[in-house]
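Colleague: Take this structure, written in structure tokens, and hold onto it; I'll ask about it next.
The values are calculated or read from the model by the stated rules, or taken from the named source; none is laboratory data. All figures in this text were calculated on a predicted structure; none of them were measured in a lab. Virtual Cβ from ideal backbone geometry, glycine too; neighbours counted across all protein chains shown.
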Amino acid sequence: MSPLVEVKNLKKHFTVNKGMFTKKTEIVKAVDGLSFTIEKGETLGLVGESGCGKSTTGRMIMRLIDPTEGQVFFNGNDLTVLSDEQLRPLRKEFQMVFQDPYASLNPRMKVSEIIEEPLIVHNFPKEERKQRVEELLHVVGLNAALADRYPHEFSGGQRQRIGIARALAVNPQLIVADEPVSALDVSIQSQILNLLKDLQSQFDLTYLFISHDLSVVEHISDRVGVMYLGRIVELSDKESLYKEPLHPYTKALLSAVPIPNPRAVRERMILKGDIPSPANPPSGCTFHTRCPFATEECKTTVPEWKMVSENRYVACHLYR
Ligand code: SF4
Ligand code: MG
């Protein structure tokens, strides 16, 4: 069976001004050659520090922005070659849930109108819409009696439920969730994650789940891709990744996460320095400026993707 989504050598390079007082520009390589698949019904987590290109990747898959290079196949169709006109009927198959439910819901619209909007855009018959909105509220755990209220009358968690209801309205196959719980309290986070899991099995959904938070990603993902400076450095099934991370960057990220089992020992690995600018990424392995294992080879040669075992890929010279 072919994957629901296949991304091939995806790149997004932005040209930006170098400063306020100069006409000089530089190229920011926000995403620099990603290839991966998302299988039907799975959750692929994309994790990495802020600015590593996760959101840009999600937005390219949604075709909210166009890639500089590369392809995004959805059910075998290359989205990157379709015109807006050709894309329109496909759009309802992939929907997005945003980080900030405060910013992504129009404060002047009633909840019922917010959820109804995609139904109108995709020509759902008028007589079915009201009932559909009520169903959706119910499905995300909100009382349908609240449909006439405005977003500010809801808590953060409830607003994210509204955002999820809106994304579900047109029966999508894929949901790209970009930091969907980052703005919420930890206690509310797990409620929303559990809701997303329930909805996934109820409606056969496939998720691309983007987050900077490794414990959140662990909770929901089947496979995880770790991003650094616009590239995926490790891609693995979740269990193996959290049990035995391979890439030094993954190790460092994980070593900073508190582990519930006090007997489990995880070697603490502190990263030197900050993430380099994507406008001026280091040569060779872009992680070499912060990697405690870096050798001369790492400074000059970009590590190739290696399949270490089934479902495990890593880009690092330590693995031959
Ligand atoms: Fe570190 Fe070298 Fe591996 Fe890059 S390739 S992660 S610098 S050991
Ligand atoms: Mg982001």
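Colleague: Output the number of the condition that residue 15 fails; it satisfies all remaining conditions of (1) in contact (Cβ under 8 Å) with a residue 60 or more places away in the chain; (2) farther than 29 Å from residue 253 by Cβ; (3) assigned to a strand (DSSP E or B).
Modeller: Against the list (1) in contact (Cβ under 8 Å) with a residue 60 or more places away in the chain; (2) farther than 29 Å from residue 253 by Cβ; (3) assigned to a strand (DSSP E or B), residue 15 comes up short only on (1).
Colleague: Now, a different point. Can you tell me how many residues within the stretch 33-67 are on the phi > 0 side of the Ramachandran plot, among the small types (Gly, Ala, Ser) and assigned to a loop (DSSP other than H, G, I, E, B)? Working first, answer last.
Modeller: Restricting attention to the stretch 33-67, the residues satisfying the condition of being on the phi > 0 side of the Ramachandran plot are 33, 41, 48, 51, 53, 63.
Add one more test, that the residue is among the small types (Gly, Ala, Ser), and what stays is 33, 41, 48, 51, 53.
Restricting the remaining residues to those that are assigned to a loop (DSSP other than H, G, I, E, B) gives 41, 48, 51, 53.
Adding up the residues that qualify gives 4.
Colleague: For residues in the stretch 242-260 being small (Gly, Ala, Ser) and not in a loop (DSSP other than H, G, I, E, B), which is modelled with the highest pLDDT? Spell out how you get there, then give the answer.
Modeller: Kept after step one, since they are small (Gly, Ala, Ser), are these residues of the stretch 242-260: 252, 255-256.
Narrowing further to those that are not in a loop (DSSP other than H, G, I, E, B): 252, 255.
Values: 252: 94, 255: 89.
That would be 252.
Colleague: Of the numbered conditions (1) over 19 Å from the mean Cα position of the chain (by Cα); (2) over 30 Å from residue 198 (Cβ atoms); (3) not polar (S, T, N, Q), residue 231 fails exactly one; give the number of that condition.
Modeller: Looking at each condition in turn, residue 231 falls short on (1).
Colleague: Which residues, taken from the stretch 92-112, are within 24 Å of residue 30 (Cα to Cα) and modelled with pLDDT of 95 or more? Even if it seems obvious, please write down each step before you answer.
Modeller: Here is the first cut: in the stretch 92-112, the residues within 24 Å of residue 30 (Cα to Cα) are 94-100, 103-104.
Result: 94, 95, 96, 97.
Colleague: In the stretch 299-319, which residue that is over 16 Å from residue 234 (Cα atoms) and not in a loop (DSSP other than H, G, I, E, B) is farthest from ligand 2 (Cβ to nearest atom)? First the steps, then the outcome.
Modeller: Of the stretch 299-319, the ones over 16 Å from residue 234 (Cα atoms) are 299-301.
Applying the additional criterion that residues be not in a loop (DSSP other than H, G, I, E, B) yields 299-300.
Numbers: 299: 29, 300: 31 Å.
Checking each candidate, the answer is 300.
Colleague: If you take the residues of the stretch 41-59 that are among the small types (Gly, Ala, Ser) and out of contact with any Phe, Trp or Tyr (no Cβ under 8 Å at 6 or more places or on another chain), which of them is farthest from ligand 1 (Cβ to nearest atom)?
Modeller: Residues of the stretch 41-59 among the small types (Gly, Ala, Ser): 41, 45, 48, 50-51, 53, 55, 58.
Still in the list and also out of contact with any Phe, Trp or Tyr (no Cβ under 8 Å at 6 or more places or on another chain): 41, 50-51, 53, 55, 58.
Numbers: 41: 32, 50: 20, 51: 18, 53: 17, 55: 23, 58: 25 Å.
Looking at the filtered set, the residue picked out is 41.
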